[in-house]
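What follows is a set of notes on a single structure, which appears directly below.
A short reminder: the numbers here are calculations on the coordinates, not readings from a lab. Model, not experiment: these values are computed from the prediction. Neighbour counts run over all protein chains shown; Cβ positions are idealised from the backbone, glycine included.
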Amino acid sequence: MPRTSIPGFDPNTTVGALEGGVLVSNLLFGIVTMQVYLYYQKYPRDRWSLKALVGLVWLLELAHTICVMHGIYVTTITRRGRTVLTIPASLRIAFFFSGTVGPIVQAFFATRVAKCFDKPYLAILCWILMCYRFLSNLVMTAVSVKAHEQELDWALTSSLVIEAAVDLLIAISLCYYLVKSQRRSVHQRTIRLIDRLIGMTLPTGLVTCIVAIIVIVCYLKMENNFVWVALMFCQTKVCSNSMLASLNGRSILRDDLEGNMTPGHLKSHQLEPIPVEITTHIDLSSFQSNEHSITNNLTSQQQA
């Protein structure tokens, strides 16, 4: 996994990078906790499986945060930052939690992709890639990170590439479905709602993809520091926040929809009364001719 043989020890890009990553990771965990609280407050009637998924993600993030904080304590206090040739066991466990949260979040979005399209081929592809990523994470955690151990570089690199590819694939497929639905709709309210959905879907997918790409670049180009490790601390929190933002964003869509249904909005769309003039023309000539014929018949009968 990580390249731990570091010639020319630089505390700024090693221990300093880890400390910065822990600080940002803790900040993002606070946002995750706030979003989880808002979710349970706003959507108490969601199905139990979805609520259990949110709870599981929060517990994994909590365990990841505890492991990261313990690891940075061991690195900076116990070892006094003098050696980083071996990563503490708590940080190895943190890699396991981060490699578990990511596939869970991607599986959540892949399930949405499966519901959008008639044929679930794209979602199945995403699920297969996520299973590979999870299994490779198990292998890397089991073998762990020892000094001068670089045999698993390919596993970590492929896992990061797959993560970025799946995030990009999910974002593009969901946006394609929404744009296709937008073209079929003729109602302005539906078009505005789909525009809002696209605006919410695209950033969440692109942010996680961009973070994964940055981690890959730092891992391949910065071999002598732990900047990429610090970014991985934050990456899992970004994934969780993207899922929770997608769930909590439903209230924004609902408020937008209800805003379009306000009495003032409905009053402006009521049908205005249309004056209708009805003209009735009755032809009395037939009645007059019948009256004359009846009079003539009565006169002839009296004469007879």
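The slack between Ile31 and Tyr121, meaning 0.36 nm per residue of separation minus the straight C-alpha distance, is 29.0 nm. Ordered by the count of other Cβ atoms within 10 Å of each Cβ, fewest first, Trp48, Trp58 give Trp48, Trp58.
Excluding Val32 itself, calculate the net charge of residues whose Cβ lies under 11 Å from the Cβ of Val32, where each Lys or Arg counts +1 and each Asp or Glu counts -1. Once positives and negatives cancel, what remains is 0.
Set the Förster radius R0 to 41 Å, insert the Cβ-Cβ distance between Val217 and Arg250 as r into 1/(1 + (r/R0)^6), and round the FRET efficiency to 0.05. Working shown, then result.
On the way: r = 34 Å, r/R0 = 0.84.
Efficiency at R0 = 41 Å is approximately 0.75.
Computed FRET efficiency, Cβ-Cβ of Tyr40 and Met69, R0 22 Å: what is it to the nearest 0.05? E(calc), rounded to 0.05, equals 0.30.
Compute the label zone of Ser49 within the range 88-109: residues whose backbone N is under 14 Å from the point 7 Å along Cα-to-Cβ. Of the residues in the range 88-109, 107-109 have backbone N under 14 Å from the label point off Ser49.
In plain terms, the chain from Thr157 to Cys131 could stretch by 7.8 nm, reckoned as 0.36 nm per residue minus the Cα-Cα distance.
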